[in-house]
1. Being touching a Ser or Thr at 6+ places or on another chain (Cβ under 8 Å), assigned to a helix (DSSP H, G or I) and buried (at least 17 other Cβ atoms within 10 Å of the Cβ) is true for just one of VAL276, VAL255, VAL240. Which residue is that?
2. Restricting to region 309-325, and then to whatever is more than 15 Å from the chain's Cα centre (by Cα) and under 20 Å from ALA16 (Cβ atoms), can you tell me which residue is surrounded by the most Cβ atoms within 10 Å (Cβ to Cβ)?
3. Report, by residue number, each residue of region 87-121 that is under 15 Å from PRO140 (Cβ atoms) and in a helix (DSSP H, G or I).
4. Only one of these conditions is not met by ASP164: (1) surrounded by fewer than 20 Cβ atoms within 10 Å (Cβ to Cβ); (2) assigned to a helix (DSSP H, G or I); (3) among the acidic types (Asp, Glu). Which number is it?
5. Suppose we filter LEU217, LEU201, LEU193 for residues that are modelled with pLDDT of 95 or more, closer than 24 Å to VAL77 by Cβ and within 16 Å of the ligand (Cβ to nearest atom); which single one remains?
6. Select from region 44-65 the residues that are assigned to a helix (DSSP H, G or I) and either touching a Ser or Thr at 6+ places or on another chain (Cβ under 7 Å) or away from the ligand (no atom under 13 Å from the Cβ) (or both) and list them in ascending order.
7. Which residue pairs have Cβ atoms under 6 Å apart, sit 6 or more places apart or on different chains, and have a first residue in region 63-86 that is assigned by TED's automatic domain parsing to the domain that holds GLY236 and a second that is surrounded by fewer than 17 Cβ atoms within 10 Å (Cβ to Cβ) and in a strand (DSSP E or B)?
8. Just name the residue that is farthest from the ligand (Cβ to nearest atom) out of those in region 74-98 that are of a type in the set (Gly, Ala, Ser) and within 16 Å of PHE58 (Cβ to Cβ).
Amino acid sequence: MGNNFEFYGCDAAELAREYGTPLYVISNDAVRARCRELRESFTDRYENTRAVYACKAFLTQEICRIMKSEGMGMDAVSGGEIYAEVKAGMDPGMLVFHGNSKTKAELIQAVETGVGTIVVDNMSELELLNEIALEKGAKPGILFRVAPGVDSHTHSYISTGQLDSKFGFSIEEVENHAAKAAMDMEGVDFRGLHFHIGSQLHENDTHVMAVKIVLELLGRLRDKYGFKAAELNCGGGFGVHYKDDPETPGISMFVDPMMAEIDSFYEKLGDERPMVTIEPGRWIISDAGITIYEVGSVKVNGAGKTYVGVDGGMPDNPRTALYQASYEVVVVEKPDAPKDVRATIAGKCCESGDIIIYDADIPAVERGDHLAVLSTGAYNYSMASNYNRLCRPAVVAVENGEAHLSVRRETYEDMISRDL
Ligand SMILES: Cc1ncc(COP(=O)(O)O)c(C=O)c1O
């Protein structure tokens, strides 16, 4: 006690003792600070803009309430996400519904719930949505997701804007056929375009390139069909700091050059600029979260490598196995001790690939010590599974130096509760 690692004013060893491990900890203060930056640097700075939190990064009832209080919209990529958001009190009109393979049931749910924007991915979805909306007497606002053909500099599994992508319409299909079809449909209000080129991007060049391509497309739609967009959604993908990455950039680095392109395009055209939307997920939540584990084993294997086994692993953090993500780690009881051991931090699952960090430099640890893995706020809890029947960890939120339980730890009983 006393010299332990602190996270936003809370002693991490105390949190582990009180709530158990593995434990996700989210700083609400850090989340709110990012929302504030979005306001100051984007929505208050540029008229007719909005920021939408991409909840796939981290979704709890509490985070929805925070987003609502911060004036943010939220995205959704499934009926489950829409349900969770509305249940938490989000205004359905502030929701943006994505997905490359939405089910009929999900489209009906979105229309019945009054989701503000449906981002249509393909022609068959457009036709089905039109039918559903006509049947329900609704006219949902829609955007088209387009694949601008930009290869972002990121892991291929999180690159989404290239030509050969499962997401969205091709530019040609929108230009030659789909936009006109949507304009002619009575059941949808075709409002504009959306792109999302990938995740964890640290440079702004690919966003700017995508903006230019999409603006050119909007220019051609205007010339050909007289279509004037009411909204341009530039997606998310704004990068954050992990172990080997630069520090998390300010949001201005991404939005300023995009806004300059967009404003100048519309100034030249003499048209009113459409509303510009961005959808950050990771950028809002990643640095706001850590995961605390307890060390269960320490050994040197036959190859002379040190392995530190912990009480979680790929079920609570699949990102290392999925994308070769790399994380920083702090030994909770010895945050300032010399890091003279090189160790691989391994999970407890029956998979050789169940590694959380390869080759971390840490002080010597023993069974019972705690590790805090940093920047796990995004795509950890939301991607968690029950592999090997591990219970999903609890989520604790910290605010003004006080901790409270946000999501209770799963139990063995929870895990078999749906088995018949
Ligand atoms: C359509 C869309 N918008 C926003 C995001 C959020 O991305 P990030 O968390 O990298 O900001 C994603 C991520 O997959 C996405 O698919």
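1. On the way: VAL276 fails: assigned to a helix (DSSP H, G or I); VAL240 fails: assigned to a helix (DSSP H, G or I).
That would be VAL255, the only listed residue that is touching a Ser or Thr at 6+ places or on another chain (Cβ under 8 Å), assigned to a helix (DSSP H, G or I) and buried (at least 17 other Cβ atoms within 10 Å of the Cβ).
2. In this case the residue turns out to be GLY312.
3. Listed by number, the residues that qualify are PRO92, GLY93, MET94, LYS104, GLU106, LEU107, ILE108, GLN109, ALA110, VAL111, GLU112, THR113.
4. (2)
5. Numbers: LEU217 fails: within 16 Å of the ligand (Cβ to nearest atom); LEU201 fails: modelled with pLDDT of 95 or more.
The conditions single out LEU193.
6. Initially, region 44-65 is screened for residues assigned to a helix (DSSP H, G or I), giving 55-57, 61-65.
If the condition is that a residue be assigned to a helix (DSSP H, G or I) and either touching a Ser or Thr at 6+ places or on another chain (Cβ under 7 Å) or away from the ligand (no atom under 13 Å from the Cβ) (or both), then LYS56, ALA57, GLN61, GLU62, ILE63, CYS64, ARG65 are the ones that fit.
7. none
8. Restricting attention to region 74-98, the residues satisfying the condition of being of a type in the set (Gly, Ala, Ser) are 76, 78-80, 84, 88-89, 93.
Applying the additional criterion that residues be within 16 Å of PHE58 (Cβ to Cβ) yields 76, 78, 80, 84, 88.
Numbers: ALA76: 10, SER78: 12, GLY80: 16, ALA84: 17, ALA88: 19 Å.
Checking each candidate, the answer is ALA88.
The values are calculated or read from the model by the stated rules, or taken from the named source; none is laboratory data. The structure presented is a predicted model; accordingly, all values stated were derived computationally and were not measured. Reconstructed Cβ throughout: ideal geometry from the backbone, glycine too, with neighbour counts over all protein chains shown.
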